[in-house]
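The values are calculated or read from the model by the stated rules, or taken from the named source; none is laboratory data. Model, not experiment: these values are computed from the prediction. Here the Cβ is made from the backbone with ideal geometry for all residues, glycine too, and neighbour counts use every protein chain on show. For accessibility, only protein heavy atoms count, side chains too; no ligands or nucleic acids. Shrake-Rupley method; radii C 1.70, N 1.55, O 1.52, S 1.80 Å.
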Amino acid sequence: MRTLYVKFVVITIGIMILSSILAFFISNTYYQQKLKPYNDQKITKMAQSIVTFADEHPNVNLKEYLENISSIGYQIYLVDNTEEESFFGAPFREKSLSVSVKEQVLDGETYHGILHFPRKTFVTGFFANELKNTIGVPLKHQGNKYALFLRPDIKLLFNEMHFLFAWLLALTIILSIVMVVVSTKYLVKPISKLTIATKSLSRGEFNVALDVTRHDELGELSHNFLQMARKLEQMDDMRKEFISNISHDIQSPLSNIKGYTNLLEDDLLSVEERGHYISIINGEIQRLSTLTKQLLLLASLDRNDNILKKRTFNVGQQIKELVRNYQWQVSENEIMLSYSLPDIEIIGDPSLLNTVWDNLLTNAIKYNKSEGSIEISIEEREKSIMVSFEDTGIGLKDSEIERIFDRFYRVDTSRTHTVEGTGLGLSIVWTIVKMHEGHIYVNSTEKEGTTFSVELPIRC
Ligand code: ADP
């Protein structure tokens with residue numbers, strides 16, 4: 001398998017090799033363009049000073065003198081017009097040199113072999129130990145004509161340095177390969193961990209451990225991954241809870257209906273008892289019907305497949321109509337209901353928004369105290385309206401406010417005096433308000449009352 005690790009190592013080493021080749025070509029070009037002429041000039045000067053010295057000191061033993069010069073780091077070739085040759089210093093690897101060159105130098109010309117040494121792809125002329133790669137100057141001594149060819153003895157000059165550089169290069173290459181191999185492992189490790197984490201996530205195991213202390217992109221990725229895992233776990237928990245809630249909410253009215261129909265089979269029941277049981281059965285059927293309607297509505301809201309049918313409508317009139325429908329229930333509960341509902345037109349889905357007001361109003365009635373009050377108002381703002389339902393009911397704790405929009409959440413029934421409900425109403429309200437790009441605010445004090453305020457854009 002071509003793992004990320006192998007790819008990374010191969011690519012890095014490839015880059016190292018490629019950059020070394022490029023660096024070699026660039027430095028070779030630099031030698032050819034800049035260093036070669038400079039080197040040529042330097043050696044020419046040296047050759048000329050040897051010539052001057054030999055000229056000015058006719059009594060000196062030329063061969064001894066040249067031997068001494070070679071020992072300080074030069075390779076020398078001396079030839080006279082009788083073609084008698086002598087070499088001083090380290091031998092040349094390649095000794096061929098055309099006769100015409102020798103003759104030209106004997107005739108007084110300077111030979112610039114270093115400057116004109118041919119370019120070769122992988123060899124810098126600097127290191128070529130060839131007789132052609134020398135500076136040739138004419139030399140006169142004790143009345144004899146010579147041609148003197150000179151080049152620096154690279155081996156002698158750089159011997160230790162050579163080794164040092166070779167070691168340096170070899171160590172650099174070996175160490176960088178080792179470091180690439182090790183550091184890549186360190187770099188790739190979190191990715192391998194992420195792969196393992198993804199696999200456990202797909203198996204439904206959400207408890208994954210990842211290193212989130214890194215301050216780089218991988219650390220951020222791990223951090224986001226953990227957040228995603230937590231979110232998925234919450235969603236999974238919610239799904240399980242949702243299923244168990246539905247099962248429970250369907251099962252309990254069904255078993256009630258079954259129990260009471262069994263009781264109805266008893267021929268000895270009085271008319272009152274029979275009527276009582278039938279009304280309980282009706283209540284349970286009503287509860288099941290509300291539950292399934294709400295579930296169907298939630299499912300279509302969740303699918304969000306163009307469910308919004310927006311048009312302009314008068315929201316004040318809509319709420320007044322709703323209040324009229326609940327008038328009997330309000331008076332039955334001895335609640336004082338007042339409203340300030342001016343005619344305001346907004347764009348929205350009238351049927352879904354009616355569900356919002358319906359839920360908020362029935363909650364304000366259900367969770368009110370007897371002889372309590374409800375106040376409904378619409379406030380028009382620059383670009384939005386604020387619809388408020390204020391009641392003097394049982395109120396909510398802060399911890400409860402945080403959860404009331406969760407599906408199936410119902411506040412402890414001992415406080416709500418076993419008022420019937422499904423715990424789905426407010427989550428439907430929240431979803432519809434969000435679909436209209438609005439906001440919902442809750443302001444509540446326990447035992448004093450609650451205000452739900454819905455802010456909707458006028459033209460959403
Ligand atoms: P339910 O069908 O139980 O009324 P909702 O989603 O409408 O479900 O409400 C969730 C819970 O929020 C309710 O069970 C109730 O405890 C609480 N609640 C809702 N409205 C009010 C209110 N006006 N005053 C006090 N508590 C409320």
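In table form, for the structure just shown:
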{"item": "Among (1) near the ligand (Cβ under 7 Å from one of its atoms); (2) among the aromatic types (Phe, Trp, Tyr); (3) more than 26 Å from residue 285 (Cβ to Cβ) - the single one residue 430 does not satisfy", "result": "(1)"}
{"item": "Positions within the range 255-272 being surrounded by 13 or more Cβ atoms within 10 Å (Cβ to Cβ) and closer than 17 Å to residue 284 by Cβ, in sequence order", "result": "256, 257, 259, 260, 263, 264"}
{"item": "Count - residues of the range 439-460 that are acidic (Asp, Glu) and either more than 10 Å from the ligand (Cβ to nearest atom) or crowded, with 16+ Cβ neighbours inside 10 Å (or both)", "result": "2"}
{"item": "Among (1) surrounded by fewer than 18 Cβ atoms within 10 Å (Cβ to Cβ); (2) within 14 Å of the ligand (Cβ to nearest atom), the one test that residue 328 misses", "result": "(2)"}
{"item": "Filter result for residue 398 (open to solvent by 50 Å² or more (accessible area, probe 1.4 Å), within 10 Å of the ligand (Cβ to nearest atom) and not small (Gly, Ala, Ser))", "result": "no"}
{"item": "Test result for residue 365, assigned by TED's automatic domain parsing to the domain that holds residue 395, under 29 Å from residue 311 (Cβ atoms) and more than 12 Å from the ligand (Cβ to nearest atom)", "result": "no"}
{"item": "Residue 404 near the ligand (Cβ under 7 Å from one of its atoms), in contact with a His (Cβ under 9 Å, 6 or more places away or on another chain), open to solvent by 10 Å² or more (accessible area, probe 1.4 Å) and under 30 Å from residue 234 (Cβ atoms)", "result": "no"}
{"item": "Top-ranked residue of the range 212-221 - restricted to ones that are open to solvent by 60 Å² or more (accessible area, probe 1.4 Å) and not in a helix (DSSP H, G or I), ranked as modelled with the lowest pLDDT", "result": "212"}
{"item": "Selected residue (only one of 385, 335, 347, 376 is more than 15 Å from the ligand (Cβ to nearest atom) and either buried (at least 17 other Cβ atoms within 10 Å of the Cβ) or at pLDDT below 95 (or both))", "result": "385"}
{"item": "Residues of the range 43-59 classified as surrounded by 12 or more Cβ atoms within 10 Å (Cβ to Cβ) and touching a residue at least 40 places away in the same chain (Cβ under 8 Å), total", "result": "8"}
{"item": "Every residue from the range 351-373 that is touching an Asp or Glu at 6+ places or on another chain (Cβ under 6 Å) and open to solvent by less than 10 Å² (accessible area, probe 1.4 Å)", "result": "364"}
{"item": "Residue ID - farthest from residue 28 (Cα to Cα), chosen from residues in the range 86-119 that are open to solvent by less than 30 Å² (accessible area, probe 1.4 Å) and without any contact (Cβ under 8 Å) to a residue 40 or more places away in the chain", "result": "86"}
{"item": "Single condition residue 156 does not satisfy, out of (1) closer than 30 Å to residue 111 by Cβ; (2) open to solvent by less than 60 Å² (accessible area, probe 1.4 Å)", "result": "(2)"}
{"item": "Residue in the range 172-188 that is assigned to a strand (DSSP E or B), among the hydroxyl-bearing types (Ser, Thr, Tyr) and in contact (Cβ under 8 Å) with a residue 24 or more places away in the chain present", "result": "no"}
{"item": "Verdict on residue 392 being crowded, with 16+ Cβ neighbours inside 10 Å, near the ligand (Cβ under 9 Å from one of its atoms) and either among the acidic types (Asp, Glu) or within 18 Å of residue 367 (Cα to Cα) (or both)", "result": "no"}
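The rows are residues; the columns are (1) within 30 Å of residue 23 (Cα to Cα); (2) among the β-branched types (Val, Ile, Thr); (3) within 42 Å of the chain's Cα centre (by Cα).
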residue	(1), (2), (3)
152	yes, no, no
164	yes, no, no
171	yes, no, yes
176	yes, no, yes
188	yes, yes, yes
198	no, yes, yes
